[in-house]
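Take a look at the structure below.
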Amino acid sequence: MALKADALLLLCGVTAGLPAVAAAADGERYDPYAKMATGAHRYDMREVLQSRGKFVAEPVEQPDLSQLDSLPLSARASEPQAPGQLPEGWVQIGEVVQRREIAEGRKQIDPKPLPAWEDIEGNQYPRKGTVFLNFNGGMLKAGDDNSAENKSTLARHNHPYPVFNGSEATALTLIQAVQQDLETLGVRVLYLNRPSKTVPYTMAMVGGSWSDTNIGDPAGGVAPGTDCEDRDQRNVVYAFDSSSATISQEIAHAWGLDHTLGSDRIMSYQAGNNKHFGDNCQALCEEQCQGPGTIGCRLIHEVYCGEDSEQQNDLAELNKIFGTPEDDTEPPTVNILPDGDVIELEVGADIEVKADIHDNYGGVGWRIKVSRDGKVALDEVDYEKVGAWYFANLEAGTYEVVLEAEDHAEHVVQDKLTIFVGTPAPPTGSGGDSEGDSEGEGTTAGGDSDATGGSASDGSTSEVGPGADDKGGCECRSTDQGAGSALGLPLLGLWLAHRARRRRRA
């Protein structure tokens with residue numbers, strides 16, 4: 001039966017907070033990417049309903065590698081740009097871009113994030129990861145990195161980033177090489193299909209020129225530095241030359257690796273063939289490469305190679321983040337709070353909805369979708385991982401709230417809550433119950449504005465060969481099997497007592 005409003009805990013007066021840098025009780029900790037938001041996302045539903053479309057995510061634009069052979073060269077290159085200007089607080093040192101306080105030696109990234117930050121679902125290690133190789137360019141926006149929204153710390157605002165200046169065959173050769181570089185990690189490499197906005201991923205813009213970004217001096221590639229252990233998860237990097245090692249190096253910079261010495265190392269400036277990520281403690285390249293005091297993640301490297309070692313173990317750090325590539329066969333579990341499939345509220349009432357989400361690996365993402373009388377009014381990804389939404393001033397109608405989670409194996413699961421505002425719920429069995437369950441059957445949201453386009457598990461990309469976007473050369477992206485490149489070791493101590501999964505009434 002429907003639950004009445006007076007039987008619910010409706011939380012009022014919650015103050016929405018902004019993401020804040022993690023701080024410990026024993027003193028300031030510098031960790032700009034380990035952000036923790038407080039309070040719920042707040043929405044005045046009168047405003048949402050009057051501004052239909054404003055709160056609905058744009059669909060994901062899918063890539064088309066065939067353009068690389070059909071598009072004339074004259075249509076690919078952008079007009080030469082004057083040297084750019086980095087955002088306040090960022091500096092370029094040679095080919096390294098990092099936060100000024102790091103470059104000047106005033107601060108160092110804390111080697112261990114707060115336990116409260118790691119307790120946020122999706123932040124745990126090891127986690128699964130996704131890299132999207134973008135050869136088709138697109139319109140980028142300036143701002144804090146968010147690969148799903150084409151926002152980049154290093155972007156010229158509203159500048160059309162050019163298409164890769166090479167053939168499809170050249171692109172496929174680069175893709176295969178990057179796949180090989182990452183094949184021992186729990187990371188999938190996509191290029192035929194862009195991920196949905198829900199799941200966090202790193203985007204590499206391949207092609208263009210340094211002048212298509214906001215840096216001021218030439219470079220072969222560039223990435224925002226000092227995101228140690230990939231705590232942000234949604235970075236955008238750039239590779240301007242046609243070298244797979246440059247692509248992989250910039251991706252790894254976004255995950256916290258610094259430059260090392262060695263002509264056989266991806267993280268080295270030195271020329272060489274068959275480059276790879278090192279599995280030993282290799283000397284860092286600081287003064288010889290970019291200047292003293294500019295190793296962005298020094299304290300993290302010392303965890304693996306010893307205090308004052310001035311060395312870095314590439315694979316030890318990457319394995320901590322992403323684990324190894326076993327298949328992920330377990331979907332997330334999703335539950336909307338307050339419990340109950342159907343509730344009734346009066347017109348003008350407020351309600352807070354919370355997410356209870358768990359996954360066997362870090363890296364999971366989620367979104368909220370609200371429809372009134374069958375029309376979508378709000379559909380947004382919870383990029384800040386708040387996990388709570390406060391809806392005020394509910395107008396009369398029947399609302400369906402859908403909480404959807406997705407992992408890097410393309411398991412997409414939902415839980416639904418139906419809210420009758422100003423009208424009684426139908427009797428049980430006559431349509432008052434929502435469909436589906438939270439058992440993690442991999443059900444894709446059919447009405448999602450970008451999940452259908454972004455998850456691309458309709459078989460349209462199941463080709464075998466060098467064009468497939470999974471590391472083994474085979475596109476395995478079904479909701480039953482997950483991505484073939486997915487997995488790492490199980491998380492130790494991750495939510496040992498999970499909630500029982502809630503089944504729906506028939």
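What to note about this one:
- Yes/no for A245 being modelled with pLDDT of 95 or more, within 17 Å of R99 (Cβ to Cβ) and either touching a Phe, Trp or Tyr at 6+ places or on another chain (Cβ under 8 Å) or among the small types (G, A, S) (or both): no
- Number of positions in region 342-357 that are more than 16 Å from V199 (Cβ to Cβ) and either within 28 Å of the chain's Cα centre (by Cα) or among the polar types (S, T, N, Q) (or both): 4
- Single condition D258 does not satisfy, out of (1) assigned to a loop (DSSP other than H, G, I, E, B); (2) touching a strand residue (DSSP E or B) at 6+ places or on another chain (Cβ under 8 Å); (3) surrounded by fewer than 17 Cβ atoms within 10 Å (Cβ to Cβ): (3)
- Among the criteria (1) modelled with pLDDT of 95 or more; (2) open to solvent by 10 Å² or more (accessible area, probe 1.4 Å); (3) not aliphatic (A, V, I, L, M), the one R127 does not fulfil is (2).
- Region 151-171, residues that are of a type outside the set (G, A, S), under 15 Å from V206 (Cβ atoms) and open to solvent by 30 Å² or more (accessible area, probe 1.4 Å): N165, E168, T170
- Within region 111-120, the set of residues being in contact with a Leu (Cβ under 9 Å, 6 or more places away or on another chain) and surrounded by 18 or more Cβ atoms within 10 Å (Cβ to Cβ) is empty.
- Exactly one residue out of A22, A2, A40 is open to solvent by less than 30 Å² (accessible area, probe 1.4 Å), of a type outside the set (S, T, Y) and modelled with pLDDT of 75 or more: that is A40.
- Within region 351-367, the set of residues being of a type outside the set (D, E, K, R) and in a loop (DSSP other than H, G, I, E, B) comprises N360, Y361, G363, V364.
- Per the listing E326, E310, E250, E287, the residue uniquely under 21 Å from R100 (Cβ atoms) and open to solvent by 20 Å² or more (accessible area, probe 1.4 Å) is E287.
- Single unsatisfied condition, G348 versus (1) surrounded by fewer than 19 Cβ atoms within 10 Å (Cβ to Cβ); (2) on the phi < 0 side of the Ramachandran plot; (3) part of a loop (DSSP other than H, G, I, E, B); (4) at pLDDT 95 or above: (2)
- Per-region count, region 292-307, residues closer than 25 Å to V91 by Cβ and loosely packed, with under 13 Cβ neighbours inside 10 Å: 1
- Some residue of region 374-387 being closer than 30 Å to M267 by Cβ, assigned to a loop (DSSP other than H, G, I, E, B) and in contact with a Gly (Cβ under 7 Å, 6 or more places away or on another chain): yes
- Residues considered: V96, V60, V91. Of these, the only one that is open to solvent by less than 40 Å² (accessible area, probe 1.4 Å), at pLDDT below 90 and within 25 Å of the chain's Cα centre (by Cα) is V96.
Yes/no per residue for (1) out of contact with any Lys or Arg (no Cβ under 6 Å at 6 or more places or on another chain); (2) within 29 Å of T294 (Cα to Cα); (3) not small (G, A, S):
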| position | (1), (2), (3) |
| --- | --- |
| I175 | yes, no, yes |
| E183 | no, no, yes |
| R194 | yes, no, yes |
| K197 | yes, no, yes |
| N214 | no, yes, yes |
| D217 | yes, yes, yes |
| V236 | yes, yes, yes |
| S242 | yes, yes, no |
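- Whichever residue in region 37-53 is outside any strand (DSSP E or B) and basic (K, R) and, among such residues, is nearest to the chain's Cα centre (by Cα): R52
- Residue count, region 313-323 (criterion: of a type outside the set (D, E, K, R) and either open to solvent by 10 Å² or more (accessible area, probe 1.4 Å) or without any contact (Cβ under 8 Å) to a residue 24 or more places away in the chain (or both)): 4
- Scanning region 393-423 for residues that are farther than 26 Å from D44 by Cβ and either free of Cβ contacts under 8 Å to residues at least 12 places away in the same chain or assigned to a loop (DSSP other than H, G, I, E, B) (or both) gives D407, H408, A409, E410, H411.
The values are calculated or read from the model by the stated rules, or taken from the named source; none is laboratory data. These numbers come from a predicted model, not from an experiment. Don't worry about glycine lacking a Cβ; one is built from the backbone with ideal geometry, like all the others, and counts go over all protein chains shown. Heads up: the accessible areas ignore ligands, DNA and RNA and are worked out on the full protein's heavy atoms, side chains in. Shrake-Rupley method; radii C 1.70, N 1.55, O 1.52, S 1.80 Å.
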